[in-house]
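Read-outs throughout are calculated quantities, based only on the coordinates presented, and are distinct from any laboratory measurement. Since the model is a prediction, treat every value here as computed from it, not as a measurement. Cβ placement follows ideal geometry from the backbone for every residue including glycine, while neighbour counts extend to all protein chains displayed.
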Amino acid sequence: MKELKAPIQSYELKINSRYLLEYLFTEILKIGEEVKPKLARALDNYLKMSANDFKEYLKELTLTEIQISQIEEYLSWELSDLDKIKDVSKGASEILELFNRLNELSITNVKFCPYIVRGLAYYTGIVIELYDIGDKEIPRALFGGGRYDDLLEIFGENKIPAFGLGWGDITTMDYLKKYNLLPEYANESKAFVCLMDENLYAQSSIFTSFLRSNGINTLQQISPMKLSNQLKYASKKNIPWVVILGEDEIKKGVVQLKNMNTRETFLIKKEDVIEKIK
C-alpha cells in the first residue's frame, strides 16, 4: 500500500485467527461440527448484514439466546479481552504476539477484528483482510488471506509453514481511481509495424523482432486492419514512426517509413531503418 502511495487514512488491515474462532466454537459456545461452518459464514458476512438480520440468521442456526449473546459479546472483543484468555487460547496468544511485533516496528493501520474469518477451510492461525475505509458506509476488501500450514499435508507432503493472499483486481482498480493513485501512462514505443494482409504476418513479425533486437521499442499489429485505423492508433499513442510493409516493399527489400510528426513518408532499405529511427 505504501508502494501505491495510498493515503494512510484510507485503508486498514483487519486481523483475526482461526484458532480464536475455534476457541469460540468449542470452549464458549460448545457447538457441534455441523454448525461450525454455518456460523463461520455468518461471521464472515457480519459487516454486510444489519444487526437485526444477523441476529435472525443466528436464530435460524438453532442457537440459543445465551449463545447468541455470547457471539455478540465476542464480536465486541478488543486486544485487552484477549489478554484474559491468552493462556488457554492459542489464537489469542498469537494475535497478541503479532500486535506486539507490529507496535515494535511502528506499523500502523492494523486492527484486531473478531469477525474476520476467510472462507477457505484450510486456513490455520492468522487471517487478514485489507479494507478501503475511506467510505465508512461501504467498506470494501481489497485483498485477503492467511496462514495455511496444514495444506500440503492434504497432498501427502510434509507440513511447511505457508502464508498467502488473493488480491481483488476490480476493487483495487476502483480504489486506485477513487484516490487518484493511477500513474500517468507514458508510451515509450518508438515504432509501430502495420499489418494489412494476413499473409504478411510472418514478414511483419520478423521485422518487428529486427527492430526490437536493435534496441527500438516496437509495437506490432497482429491482425489485419485498415491502414487508416492503424495510423490513427499510432497517432493516439504518440508513436513517432510507423513501418508499412506490403508485397511490393518486401520484393524490393524496402519498407515505407512514416514520420508521424511531420507526416513525411520514406521508402527506405530495411537495414537503414535503425539509423533513421534512432
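Phi angles of region 250-257 translate, via the Karplus equation with coefficients 6.51, -1.76, 1.60 and θ = phi - 60°, into HN-Hα couplings of 4, 4, 8, x, 10, 9, 8, 10 Hz per residue; Gly and Pro are given as x. Here K111 is the anchor, and the aspartates and glutamates within straight C-alpha reach of less than 15 Å, apart from those fewer than 8 places off in the same chain, are E12, E78, D81, E94, E97, E129, D132.
Past 25 Å, Cα to Cα: identify those pairs from K30/K159; K5/K86; K30/K84, in the order given.
Working: K30/K159 29 Å; K5/K86 36 Å; K30/K84 19 Å.
Violating the 25 Å Cα-Cα cut-off are K30/K159; K5/K86.
Volume of the convex hull of region 3-82 (Cα atoms only), normalised per residue: 132 Å³.
What ranking do 117-127, 210-220 get when scored by the average of other Cβ atoms within 10 Å per residue, highest first? Kindly include the intermediate steps, with their values, before the conclusion.
Numbers: 117-127: 18.4, 210-220: 15.5.
Listed from highest to lowest mean packing, they are 117-127, 210-220.
Each DSSP beta bridge with both residues in region 191-277 is either parallel or antiparallel, and the antiparallel ones are about 60%. Sequence-ordered 3J(HN,Hα) estimates for region 263-278 from the Karplus curve with 6.51, -1.76 and 1.60 and θ = phi - 60° stand at 6, 6, 10, 10, 9, 9, 5, 4, 5, 8, 5, 4, 4, 5, 6, 5 Hz, glycine and proline given as x. When each of the peptides 109-116, 47-54 is scored by how many other beta carbons lie within 10 Å of its residues on average, the order from highest to lowest is 109-116, 47-54. Listed by chain and number, the lysines whose C-alpha is less than 30 Å from the C-alpha of K232, apart from same-chain residues fewer than 8 away, are K177, K190, K251, K252, K258, K269, K270, K276, K278. Relative contact order for the chain: 16 percent, from Cα pairs under 8 Å spaced at least 6 residues apart, divided by residue count. Among beta bridges from DSSP that stay inside the chain, the antiparallel ones total about 75%. The alpha-carbon positions of the chain define a convex hull whose volume is 234 Å³ per residue.
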